[in-house]
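Inspection log for the structure reproduced underneath, given as structure tokens.
The values are calculated or read from the model by the stated rules, or taken from the named source; none is laboratory data. Everything numeric here is computed off the predicted structure, so don't read it as measured data. Cβ: placed from backbone, ideal geometry, glycine included. Neighbour counts: every protein chain shown. All accessible areas refer to the heavy atoms of the entire protein, side chains included, with ligands and DNA or RNA removed. Shrake-Rupley method; radii C 1.70, N 1.55, O 1.52, S 1.80 Å.
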Amino acid sequence: MEKRAVFSHKLLPYALLAPQLLVTIVFFYWPAAQAVYQSFLIQDAFGISTEFVWFENYQMLFSEPAYYGALLTTALFSTAVTVLSLSLALILAVEADKNLTGAGLYKTLLIWPYAVAPAVAGVLWLFMFQPSLGMIGRSLHAFGFNWNPYLNSGDAFTLITAAAVWKQISYNFLFFLAGLQSIPKSLIEAAAIDGAGSTRRFWTIVFPLLSPTAFYLLTVNIVYVFFDTFGIIHAVTRGGPAGATTTLVYKVFSDGQAGGDLGGSAAQSVILMLIVIALTAVQFRFIERKVTY
Amino acid sequence: MVENRPFAAILSHVILIIGVVIIAFPVYVAFVASTTDPTTISNGQLSLIPDHHLIENYAKVLFEGTERSTKQPMIVPLMNSFIMAMIIACGKIFISLLSAFAIVYFRFPFRNTAFWVIFLTLMLPVEVRIYPTYKIVADLHMLDTYAGLTIPLIASATATLLFRQFFMTVPDELIEASKIDGAGPWKFFIDTLLPLSMTSIAAMFVIQFIYGWNQYLWPLLITTRDDMQTIVIGIQKMLTVTDALTEWQLAMATTILAMLPPVIVVVAMQRLFVRGLTETEK
């Protein structure tokens, strides 16, 4: 779609675009290019000489067990958070879509965690599940569970998953609700007249019509787990215990902070970049499909 | 509802109420904790009924800070977060309105290239280029400044796309009329386009304010001075002292303070928020 009537001006459009393009180039493309370039370099311990080494940094990365650990943690974490937050949000959205009294109030009461920072969500859950003084943490001990997210990797993983899911339900809920409300009521009524019960109507009509929304949310949620959960992990577990909650992004951060290995850290960044590009591409292909659908 | 089944309606209410309670519970516990004294929490005797230390704890956090960890009055990071969120939200809206205006209302060489350069930044979140970006900000001497905190985050593909989308729907007759009246691009932009865009701008503002307020990784890297830190980072610093010494009642008061502004924005401007969220994602 193009405008028929436009202004003609030689320099003005460039001046208008300048601030945005400047920020983009200085703080996005230049550092991204730097990351790619550095990933092919190895610097000696004193930072005096650098050597161009092609893919050696990548080879070292993929021979490092800790990297596979982070890869596995990220995969498990994304799966757990995505499945749980999508299904819980869907249940709530389906109920909130029925013409109940107070539906508007439920909506308000369910969407506000969107505004809570991931790190804050993490701290809230840590406080409840703190082993020695947390309200739920202590109860778990009283019931004989040896709950301790500081020492036990499974417990730590459960805790950050709970916080991440809690924060993400509101976003998914909102999109599922919008998706449900866009399904024509006449379709549901027609099926009801044909004698389909509410369960059957859900699986044969509502669920298929909701699948574009669900697929969109799937990619958004994966991106969320990859990047936005950094705050939760940093505030609650610091990637521990023993690296059990170190995701790919957390590893880039902590490896770089421990200092030294610029090339290795850059190689990790480049791999993350490729993952985001792939996820975004999938997302846009799907959006294009939806438009013609 | 298609059928009228009272039992099903009750079940729906029950499910939704359970959902609301689970969502609200962690915050309620934090609120109760922020109204108690330290011994109640460290003995693990926190109940579900608020205590009477509310004003004392919040005043302490805001104007004195913790005794054992950061010792900083939290009013400072609270202000920093507010300034950061405002600059990011307004900055993103301002530069994105200008670029969308250029892309939609002008024909010039490299117009498409410019569009794609902005658009592809969607694929480069700050997390994938942490250290190179940090180095540039350091080289520009912008560490520990508001400029360093905000300018690198101010480019916005989503806002540009949203405004572009909106400008496309503005009827061509308006610009024709404007031109007949002898108005130049600036006059058209300010007198015609901006007033029409107000709802989109407001919706964008809600989303970007929350985005700015909740930043974590970036302020963590860019700020080292206590008087430049943001409130979300401030909480995390309170927890870093030996766990048994954490002043949880103060940390929880800070947590409540840290989420209050963005939550108020979402609840008070719910319609704009929903609109902003669903529109930017298309």
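Residues that are at the interface with chain A (Cβ under 10 Å from one of its Cβ atoms) and open to solvent by 20 Å² or more (accessible area, probe 1.4 Å) do not occur anywhere in segment B:58-69.
A single entry from B:THR199, B:THR255, B:THR230 fulfils the requirement of being touching a residue at least 60 places away in the same chain (Cβ under 8 Å), within 21 Å of B:VAL29 (Cβ to Cβ) and of a type in the set (S, T, N, Q): B:THR255. When the residues of segment A:143-164 are narrowed to those that are at the interface with chain B (Cβ under 10 Å from one of its Cβ atoms) and in a helix (DSSP H, G or I), which ends up surrounded by the most Cβ atoms within 10 Å (Cβ to Cβ)? If we take residues in segment A:143-164 being at the interface with chain B (Cβ under 10 Å from one of its Cβ atoms) and in a helix (DSSP H, G or I), then A:ALA163 is surrounded by the most Cβ atoms within 10 Å (Cβ to Cβ).
Against the numbered list (1) within 13 Å of chain A (Cβ to nearest Cβ); (2) surrounded by 16 or more Cβ atoms within 10 Å (Cβ to Cβ), B:ILE49 comes up short only at (2).
Scanning segment B:107-130 for residues that are free of Cβ contacts under 8 Å to residues at least 24 places away in the same chain and touching a Leu at 6+ places or on another chain (Cβ under 7 Å) gives B:ALA114, B:VAL117, B:VAL128. Is at least one residue of segment A:196-211 open to solvent by 30 Å² or more (accessible area, probe 1.4 Å), closer than 30 Å to A:GLY69 by Cα and more than 16 Å from the chain's Cα centre (by Cα)? Checking segment A:196-211: not a single residue is open to solvent by 30 Å² or more (accessible area, probe 1.4 Å), closer than 30 Å to A:GLY69 by Cα and more than 16 Å from the chain's Cα centre (by Cα). Once segment B:143-160 is narrowed to residues that are under 16 Å from A:PRO31 (Cβ atoms) and among the hydrophobic types (A, V, I, L, M, F, W, C), the residue that is surrounded by the fewest Cβ atoms within 10 Å (Cβ to Cβ) is B:LEU143. Looking at segment B:147-258, the helices (runs of 4 or more DSSP H) lying wholly inside it that each contain 2 or more residues that are among the small types (Gly, Ala, Ser) sit at B:157-169, B:172-180, B:194-213.
Pairing residues of segment B:20-31 that are within 7 Å of chain A (Cβ to nearest Cβ) and farther than 19 Å from A:GLN168 by Cβ with residues that are surrounded by fewer than 16 Cβ atoms within 10 Å (Cβ to Cβ) and charged (D, E, K, R), at Cβ distances under 6 Å and at least 6 apart in sequence or on separate chains, gives no pairs at all. Of the residues A:TRP125, A:TRP112, the single one that is at pLDDT below 95, surrounded by 23 or more Cβ atoms within 10 Å (Cβ to Cβ) and under 20 Å from B:GLY19 (Cβ atoms) is A:TRP125. Note on segment A:1-65: enclosed helices (runs of 4 or more DSSP H) holding 3 or more residues that are surrounded by 15 or more Cβ atoms within 10 Å (Cβ to Cβ) and either among the hydroxyl-bearing types (Ser, Thr, Tyr) or modelled with pLDDT of 85 or more (or both) are A:12-24, A:30-38.
Sort out which residues of segment A:224-269 are open to solvent by 30 Å² or more (accessible area, probe 1.4 Å) and in contact with a Pro (Cβ under 6 Å, 6 or more places away or on another chain), and write them in order of number. If the condition is that a residue be open to solvent by 30 Å² or more (accessible area, probe 1.4 Å) and in contact with a Pro (Cβ under 6 Å, 6 or more places away or on another chain), then A:ASP228 is the only one that fits. Among the conditions (1) touching a residue at least 60 places away in the same chain (Cβ under 8 Å); (2) within 22 Å of A:GLY256 (Cα to Cα), the only one that A:LEU86 does not satisfy is (2).
Can you pull out the residues in segment B:232-258 that are at pLDDT 90 or above, open to solvent by 10 Å² or more (accessible area, probe 1.4 Å) and in contact with a Leu (Cβ under 9 Å, 6 or more places away or on another chain)? The answer is B:LEU257, and nothing else. In segment A:128-141, the qualifying residues are those that are within 10 Å of another protein chain (Cβ to nearest Cβ), assigned to a helix (DSSP H, G or I) and farther than 26 Å from B:ASN214 by Cα, and the one that is least open to solvent (accessible area, probe 1.4 Å) is A:GLY137.
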